[in-house]
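Student: Below is the structure I would like to discuss, written out as structure tokens.
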Amino acid sequence: MTSGQRMVLVGIEEENVEGVWNELGMTVGQATAPCVHYVQACPGTAVCRYGKQDSLGLGIELEGLYLDQQLPAKLKMGVSGCPRCCGESYLRDVGVVGDSKGWTVIFGGNSGGRPRIGNVVAKNLSKGEVIDLVQRLVQYYRSNGKPGERTARFVERVGFDAIKQDVLSLIPYISLKDL
Ligand code: SF4
């Protein structure tokens, strides 16, 4: 298992790769394409005694929204079921953290060679609001990001104030004064 919760099978001869995919009954994974590479979710309330929210369930829903969708660059999500943040949510393009009041959404994080802690976009959201907000943020990035530009560099280039004005100010469940 990789840190991104992907399963890596190594040592398969090239001519056998297609057969392995067929036996698994899965579509071929995209290793380098500009799309959602993974949604990393901690066990949350499903398993963990510290869990405050169902991070695993939300992670599965978020992943399902973006299957086979093209974006300006690869995009990673991290969903954590409590503020201990085992899903590394502040260092993912899209991060979500649960607590006893609901969910916090974070955007523009990156853990790579030029790391960036993402901006907190909204707090105390319901699951439905998280899904709506993530879709709005990703659509904004899809429309305005340059090819190959990860969200961390995108937020640095356009500025978080522009995201507030263009996206967040239009959303009734977000209070800009709290950001
Ligand atoms: S973030 Fe919280 S709920 Fe998730 S695995 Fe870590 S301690 Fe458990």
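Student: Restricting to the range 58-96, name every residue that is in contact with a helix residue (DSSP H, G or I) (Cβ under 8 Å, 6 or more places away or on another chain), assigned to a loop (DSSP other than H, G, I, E, B) and within 13 Å of the ligand (Cβ to nearest atom).
Tutor: GLY81, CYS82, GLY87 - these are the residues of the range 58-96 that are in contact with a helix residue (DSSP H, G or I) (Cβ under 8 Å, 6 or more places away or on another chain), assigned to a loop (DSSP other than H, G, I, E, B) and within 13 Å of the ligand (Cβ to nearest atom).
Student: Another question about this same structure. Return yes or no: is ASP99 surrounded by fewer than 24 Cβ atoms within 10 Å (Cβ to Cβ) and away from the ligand (no atom under 16 Å from the Cβ)?
Tutor: So ASP99 fails the test.
Student: Among the residues of the range 11-51 satisfying the criterion of being open to solvent by 100 Å² or more (accessible area, probe 1.4 Å) and polar (S, T, N, Q), which is nearest to GLY112 (Cα to Cα)?
Tutor: Looking at the filtered set, the residue picked out is THR32.
Student: For the condition at pLDDT below 95 and more than 23 Å from THR32 (Cβ to Cβ), what is the one hit in LYS101, LYS164?
Tutor: Within the list LYS101, LYS164, the selection yields LYS164.
Student: Could you list all residues from the range 97-109 that are more than 17 Å from LEU65 (Cβ to Cβ), part of a strand (DSSP E or B) and either touching a Lys or Arg at 6+ places or on another chain (Cβ under 8 Å) or of a type in the set (Asp, Glu) (or both)?
Tutor: Within the range 97-109, GLY98, ASP99, GLY102, THR104, ILE106 meet the criteria.
Student: Among ARG84, ARG49, which is the only one that is more than 14 Å from the chain's Cα centre (by Cα) and free of Cβ contacts under 8 Å to residues at least 12 places away in the same chain?
Tutor: Unique residue meeting the criteria: ARG49.
Student: Go through (1) within 16 Å of the ligand (Cβ to nearest atom); (2) closer than 22 Å to TYR173 by Cα; (3) open to solvent by less than 50 Å² (accessible area, probe 1.4 Å) and name the single condition ASP54 misses.
Tutor: So the condition that ASP54 fails would be (3).
Student: Moving on. So GLY112 ticks every box in (1) under 27 Å from LEU67 (Cα atoms); (2) not in a loop (DSSP other than H, G, I, E, B) but one. Which box is left unticked?
Tutor: Among (1) under 27 Å from LEU67 (Cα atoms); (2) not in a loop (DSSP other than H, G, I, E, B), GLY112 violates only (2).
For (1) touching a residue at least 40 places away in the same chain (Cβ under 8 Å); (2) buried (at least 19 other Cβ atoms within 10 Å of the Cβ), each residue gets a yes or a no:
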| site | (1), (2) |
| --- | --- |
| LEU58 | yes, yes |
| GLY64 | no, no |
| LEU75 | yes, yes |
| PHE107 | yes, yes |
| VAL120 | yes, no |
| GLN135 | yes, no |
| SER143 | no, no |
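Student: Take the conditions among the β-branched types (Val, Ile, Thr), in a loop (DSSP other than H, G, I, E, B), loosely packed, with under 12 Cβ neighbours inside 10 Å and in contact with a helix residue (DSSP H, G or I) (Cβ under 6 Å, 6 or more places away or on another chain) and apply them to VAL8. Does it pass? Working first, answer last.
Tutor: Details: among the β-branched types (Val, Ile, Thr): yes; in a loop (DSSP other than H, G, I, E, B): yes; loosely packed, with under 12 Cβ neighbours inside 10 Å: yes; in contact with a helix residue (DSSP H, G or I) (Cβ under 6 Å, 6 or more places away or on another chain): no.
No: the conditions fail for VAL8.
Student: Please give the number of the condition LYS76 fails out of (1) out of contact with any His (no Cβ under 8 Å at 6 or more places or on another chain); (2) on the phi < 0 side of the Ramachandran plot.
Tutor: (1)
Student: Determine, yes or no, whether GLU129 is at pLDDT 95 or above, part of a helix (DSSP H, G or I) and farther than 20 Å from ILE163 by Cβ. Please lay out each step first, then the result.
Tutor: Working: at pLDDT 95 or above: yes; part of a helix (DSSP H, G or I): yes; farther than 20 Å from ILE163 by Cβ: no.
Here the answer is no, as GLU129 does not meet what is asked.
Student: Something else about it: Tell me whether the range 143-151 contains one or more residues that are assigned to a helix (DSSP H, G or I) and in contact with a Pro (Cβ under 9 Å, 6 or more places away or on another chain).
Tutor: Yes - at least one qualifying residue is present in the range 143-151.
The values are calculated or read from the model by the stated rules, or taken from the named source; none is laboratory data. The structure displayed is predicted, hence computed values, not measured ones. Backbone-built Cβ (ideal geometry, glycine too); neighbour counts: all protein chains shown. Accessible surface areas use protein heavy atoms only, side chains included; no ligands, DNA or RNA. Shrake-Rupley method; radii C 1.70, N 1.55, O 1.52, S 1.80 Å.
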